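Each remark here refers to the structure printed beneath this line.
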Amino acid sequence: MNKIMRRWELPKFGRENLRLVEVPVPTPDAHEVLVCVSAVSLNYRDKLIIQNGMGLTPDMPFTPGSDMAGTVVATGAGCHRFAVGDAVLGAFSADWLDGAAPGTGRDLMPALGGPPLPGMLSEYVVLPEAWLVHAPSSLDAVQASTLPCAAVTAWQALIELGHLRAGQSVVVQGTGGVSLFAVQFAAAHGATVIVTSGDDDKLVRVKAIGASHGINRHSTPEWAQAVVALTGGRGADHILEMVGGDNLERSLDALIHQGRISVIGVFGGMGATLPVGTMLKKRATVQGIGVGPRRVLEDVIRAIDRTGIKPVIAAQHPFSDLQTGLDELDRGPFGKVVIRGVEHSEDNKLRMNSENE
């Protein structure tokens with residue numbers, strides 16, 4: 001049997017250089033598993049890696065893509081965590097199993113789809129079994145593929161580090177993947193959720209998944225005052241800062257005394273303006289969030305299965321239509337954009353089932 005597969009490769013940075021190639025299906029070594037990739041969820045990070053590497057210098061050609069759901073089809077010697085046929089997800093922060101994040105913080109933490117670790121935009125991948133978790137039983141592969149980066153980031157901010165409690169108020173900025181998971185998790189924990197967005201249609205849609213209030217940041221540029229009014233003059237207990245830049249100062253204005261700001265996004269720029277006097281007066285906690293360990297992904301999966309939360313899927317595209325998916329990501333979708341994998345590819349099924357006679 002001549003087993004080959006397709007994968008996306010980047011011989012040099014730039015979307016125009018992405019190419020779909022055929023290569024042999026890899027074989028797992030000891031303590032590794034071969035996974036048939038069912039779906040890959042796209043993240044803003046993937047777009048940056050393709051564009052310029054985010055300061056990383058991979059050996060080219062490089063395969064991008066961080067979030068993966070698939071099925072184990074072979075195991076190497078000594079594997080004990082998974083068996084053939086198990087549905088699995090890749091853990092985004094592959095070597096971070098639990099506890100404090102490894103490293104010094106001077107460099108980006110290694111993660112799937114960011115050099116030197118392999119990318120998931122491949123019909124089959126070989127990974128150490130420690131880098132995988134069992135997929136949720138309540139989601140299909142397309143839905144499950146959205147969890148490792150976006151859902152874990154939202155959970156890490158609100159629950160793991162933020163210790164969110166029922167009755168608190170949460171401000172979620174925007175309606176991207178992390179933001180929509182944050183709305184669902186906060187609502188499930190009994191919090192009042194306020195969403196800011198520049199799109200009235202998205203503000204209507206976000207209420208269907210748990211938001212209590214929506215503020216259009218264009219028609220209400222002083223949205224911090226609106227948050228204070230909606231919370232009866234108290235301010236928000238927790239704000240997910242997705243913009244950065246000058247917006248961080250407005251987030252601080254909207255915060256309650258001893259409240260918390262989780263800094264996640266940098267759409268407004270890598271710099272930020274933060275008046276120290278106000279931060280000291282409010283005794284505010286401002287913390288950067290960078291996804292989370294494998295154990296938090298497992299916590300998220302248990303919560304998903306118990307609550308029935310369903311990820312919001314904006315679009316899904318065939319494996320060969322990666323460029324279309326990246327275009328969708330550029331437009332700022334309401335929810336996640338997913339690239340379907342090998343189980344949806346009829347030409348690959350024929351290729352894998354063929355025998356050389």
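The rows are residues; the columns are (1) touching a Phe, Trp or Tyr at 6+ places or on another chain (Cβ under 8 Å); (2) at pLDDT 90 or above; (3) in a strand (DSSP E or B).
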site	(1), (2), (3)
S41	no, yes, yes
I50	yes, yes, no
P58	no, no, no
M68	no, yes, yes
V72	yes, yes, yes
A77	no, yes, no
H80	no, yes, no
V84	no, yes, no
D98	no, yes, no
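Tally the residues that are touching a Gly at 6+ places or on another chain (Cβ under 7 Å) and aromatic (F, W, Y), restricting the search to the range 211-241.
0
Given the residues V300, V286, which is the only one that is among the β-branched types (V, I, T) and closer than 30 Å to L132 by Cα?
That would be V300, the only listed residue that is among the β-branched types (V, I, T) and closer than 30 Å to L132 by Cα.
Are there any pairs with C-beta distances below 7 angstrom linking a residue in the range 111-130 that is free of Cβ contacts under 8 Å to residues at least 24 places away in the same chain to a residue that is in a strand (DSSP E or B) and surrounded by fewer than 24 Cβ atoms within 10 Å (Cβ to Cβ), with the two at least 6 apart or on different chains, and if so which?
From the range 111-130, the pairs are L117/A111.
Filter the range 120-140 down to residues that are part of a helix (DSSP H, G or I) and touching a strand residue (DSSP E or B) at 6+ places or on another chain (Cβ under 7 Å), then give me how many there are.
Qualifying residue count, the range 120-140: 2.
Output the number of residues of the range 165-217 satisfying the condition of being in a loop (DSSP other than H, G, I, E, B), under 27 Å from E328 (Cα atoms), small (G, A, S) and in contact with a strand residue (DSSP E or B) (Cβ under 9 Å, 6 or more places away or on another chain). Let's see the steps before the verdict.
Let us first name the residues in the range 165-217 that are in a loop (DSSP other than H, G, I, E, B), namely 165-168, 174-176, 189-191, 198-199, 208-212, 217.
Those still in the list that are under 27 Å from E328 (Cα atoms) too: 174-176, 198-199, 208-211, 217.
If we keep only those that are small (G, A, S) too, we end up with 174, 176, 198, 208, 210-211.
The next check asks that each one be in contact with a strand residue (DSSP E or B) (Cβ under 9 Å, 6 or more places away or on another chain); those that pass are 174, 176, 198, 210-211.
Summing the residues that are in a loop (DSSP other than H, G, I, E, B), under 27 Å from E328 (Cα atoms), small (G, A, S) and in contact with a strand residue (DSSP E or B) (Cβ under 9 Å, 6 or more places away or on another chain) in the range 165-217 gives 5.
Tell me which of these V152 doesn't satisfy, since it passes every other one: (1) within 17 Å of the chain's Cα centre (by Cα); (2) outside the structural domain of V84 (by TED's automatic domain parsing); (3) modelled with pLDDT under 95.
Tallying (1) within 17 Å of the chain's Cα centre (by Cα); (2) outside the structural domain of V84 (by TED's automatic domain parsing); (3) modelled with pLDDT under 95, V152 fails exactly one: (3).
Taking Q143 as meeting all but one of (1) part of a helix (DSSP H, G or I); (2) buried (at least 24 other Cβ atoms within 10 Å of the Cβ), write down the number of the exception.
All conditions pass for Q143, except number (2).
Considering the range 7-35 alone, what residues qualify as being closer than 22 Å to T146 by Cβ and either crowded, with 21+ Cβ neighbours inside 10 Å or free of Cβ contacts under 8 Å to residues at least 12 places away in the same chain (or both)? Break it down stepwise before answering.
So in the range 7-35, the residues closer than 22 Å to T146 by Cβ come out as 7-8, 15, 18, 33, 35.
R7, W8, V33, V35, listed by residue number.
Mind listing whichever residues of the range 218-245 are assigned to a loop (DSSP other than H, G, I, E, B) and either in contact with a strand residue (DSSP E or B) (Cβ under 7 Å, 6 or more places away or on another chain) or under 24 Å from Q156 (Cα atoms) (or both)?
Passing the criteria: T231, R234, G235, M242, V243, G244.
For the range 290-333, which residues satisfy the criterion of being buried (at least 22 other Cβ atoms within 10 Å of the Cβ), not aliphatic (A, V, I, L, M) and not in a helix (DSSP H, G or I)?
G292, P293, P311 - these are the residues of the range 290-333 that are buried (at least 22 other Cβ atoms within 10 Å of the Cβ), not aliphatic (A, V, I, L, M) and not in a helix (DSSP H, G or I).
Out of the range 137-191, which residues are over 15 Å from S262 (Cβ atoms) and of a type in the set (A, V, I, L, M)?
Those that are over 15 Å from S262 (Cβ atoms) and of a type in the set (A, V, I, L, M): L139, A141, V142, A144, L147, A166, L180, A187, A188.
Scan the range 216-238 for residues that are β-branched (V, I, T) and under 23 Å from D201 (Cβ atoms) and report the count.
Matching residues across the range 216-238 total 2.
Within the bounds of the range 259-274, is there any residue that is assigned to a strand (DSSP E or B), at pLDDT below 90 and among the hydrophobic types (A, V, I, L, M, F, W, C)?
Within the range 259-274, one or more residues are assigned to a strand (DSSP E or B), at pLDDT below 90 and among the hydrophobic types (A, V, I, L, M, F, W, C).
Can you confirm whether the range 264-285 contains a residue that is touching a strand residue (DSSP E or B) at 6+ places or on another chain (Cβ under 7 Å) and either crowded, with 22+ Cβ neighbours inside 10 Å or of a type in the set (D, E) (or both)?
Yes, the range 264-285 contains a residue that is touching a strand residue (DSSP E or B) at 6+ places or on another chain (Cβ under 7 Å) and either crowded, with 22+ Cβ neighbours inside 10 Å or of a type in the set (D, E) (or both).
The values are calculated or read from the model by the stated rules, or taken from the named source; none is laboratory data. Bear in mind that the values here come from a model prediction, so they are computed numbers and not experimental data. Virtual Cβ from ideal backbone geometry, glycine too; neighbours counted across all protein chains shown.
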